[in-house]
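Please read the structure below before turning to the comments.
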Amino acid sequence: MMAHLSLTNVGKTYGGSTQPAVAGVDIEIADGEFIVLVGPSGCGKSTLLRMVAGLETVTRGDIRIGDTLVNRLDPAERDIAMVFQNYALYPHMTVRDNMAYGLKNRGESKSVIEERVAEAARMLELRPYLDRKPRALSGGQRQRVAMGRAIVRQPAAFLFDEPLSNLDAKLRVSMRMEIRKLQKRLGTTSLYVTHDQLEAMTLADRLVVLNGGAVEQIGAPLEVYRRPASTFVAAFIGAPAMSLLDARVDSGQVMLDGHALAPVAHAPGPITLGLRAEDLRITDAGLPMRVDHVEELGAQRIVHGMVGDQSLAVVDTGDATLAGTVRIAVAPSKVHLFDSTTGRRIEAAAQPAPVPAE
Ligand SMILES: Nc1ncnc2c1ncn2[C@@H]1O[C@H](COP(=O)(O)OP(=O)(O)OP(=O)(O)O)[C@@H](O)[C@H]1O
Ligand SMILES: [Mg+2]
């Protein structure tokens, strides 16, 4: 079963609050699409998800699942399944009963329940654990049971609220891939919340970057990475974070610390310059940077330094000891420009080519 999901001008202001937690969000989610809502703590991700689930009332706007307006429907009537961070498994029930519970409640027949639980257990490699209680499972196994419980219901959509954040780093990476494979196989429309930009990048068909309850940008992960719509997105997506520096446009050139970096078609004046560490290279000539400290990551290192009184990070793969002043090469096509007042992206330089739409 599949469905498109449509959010139109959806907003939420909690009682007693003057600031909206979610401020007029528009998102169209296609059948089978995997959408990730990403943004810092408190930006409204869970609130938005909970409104779709029916766990929170909507202050304004419309939510449609398939063609049904669901604003006033109970969670149980919405044909969605939610997977939470804390799994919310029943401790006194076996894995089998945990997975079957929702179906039993719905009055499904015994044979349907058995069939669906068996199928989910096979997919999730949970067959050896069906008779165990949750406390006798590892964190990753519990998370899989929570997934299983969602899958057996064959819902129109999955909603995930930081389902992996209780797991250790290694398990998070493997579960992330499991979820993505499973979702592709089932083709179930999914809305996934995380504050982890890497998780967002690797999971999403499209990202929705939220800031203060409003959408900053919607796009495919690489599109957002390559052409962030604002300094907020630029600083949030990608690690290490894009360096943002106060620069100037003079005589058709982006000037930083007295060095011309890239030609631009833009009026003279102040501008915010964005440079990704991985787009910069330490070289013999170019922008001078005083080395501050070096983070060794194994395959590469991140060199942090100062250009004038502003910080800059550069990815380097060399192993020579770095000290004093080094020179940084900047490819003009890798320069990001933002309005220094609004923080919005400016398309004035030789920019990387847009990612073709699918
Ligand atoms: N029940 C509530 N009553 C009043 N305000 C709330 C309630 N739940 C959340 N808020 C507020 O709404 C805003 C958005 O909260 P929300 O939980 O949606 O953020 P989030 O993006 O999920 O954050 P996190 O990454 O920390 O989980 C916050 O300012 C929060 O304090
Ligand atoms: Mg949350």
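Since every read-out is calculated from the coordinates, none of them should be taken as a lab result. As the structure is a prediction and not an experimental result, all values here were calculated from the model. Every residue, glycine among them, receives a Cβ derived from its backbone with ideal geometry; neighbour counts consider all protein chains shown.
Annotations for the structure displayed:
- For the chain, the longest principal axis of the alpha carbon atoms and the long axis of helix 95-105 meet at an angle near 70°.
- In summary, the aspartates and glutamates within cross-link reach of LYS184, defined as a Cα separation below 12 angstrom excluding same-chain residues under 8 places away, comprise ASP31, GLU33, ASP205.
- Cα-based reach from LYS110 at 18 Å (exclusive), listing aspartates and glutamates while leaving out same-chain residues under 8 positions away: ASP97, GLU119, ASP131
- Rounded to the nearest 500, the helix-only mean residue ellipticity at 222 nm of the chain stands at -7000 deg cm²/dmol, with each DSSP H run of n ≥ 4 adding -39,500 (n - 2.57).
- Choice from PRO270, PRO128, PRO155 with maximal GNM fluctuation in the chain (Cα, 10 Å cutoff): PRO128
- Debye intensity ratio in log₁₀ form over the Cα atoms of the chain, taken at each q of 0.09, 0.15, 0.16 Å⁻¹: -0.61, -1.21, -1.30
- Exposure proxy ranking, count of Cβ atoms within 10 Å, fewest first, for ARG276, ARG135, ARG153: ARG135, ARG153, ARG276
- Acute angle (nearest 10 degrees) that the helix 169-186 long axis makes with the longest principal axis of the chain, alpha-carbon atoms: 60
- Among LEU171, LEU222, LEU297, residue whose mean-square fluctuation peaks in a GNM of the chain (springs only between Cα atoms under 10 Å): LEU297
- Cross-link reach is defined here as a Cα-Cα straight distance under 19 Å, omitting same-chain residues fewer than 8 places apart; for LYS133 the lysines meeting it are LYS104.
- Quick note on segment 27-109: its Rg to Rh ratio, both from C-alpha atoms and Rh being the Kirkwood radius, is 1.00.
- Neighbour net charge for SER17 - beta-carbon separation under 15 angstrom, K R +1, D E -1: +1
- Highest-MSF residue in the chain out of GLU296, GLU223, GLU199 [GNM, Cα springs under 10 Å]: GLU296
- Amide H contacts of SER340 (H built 1.01 Å from N, under 5 Å, at least 5 apart or other chain): THR272
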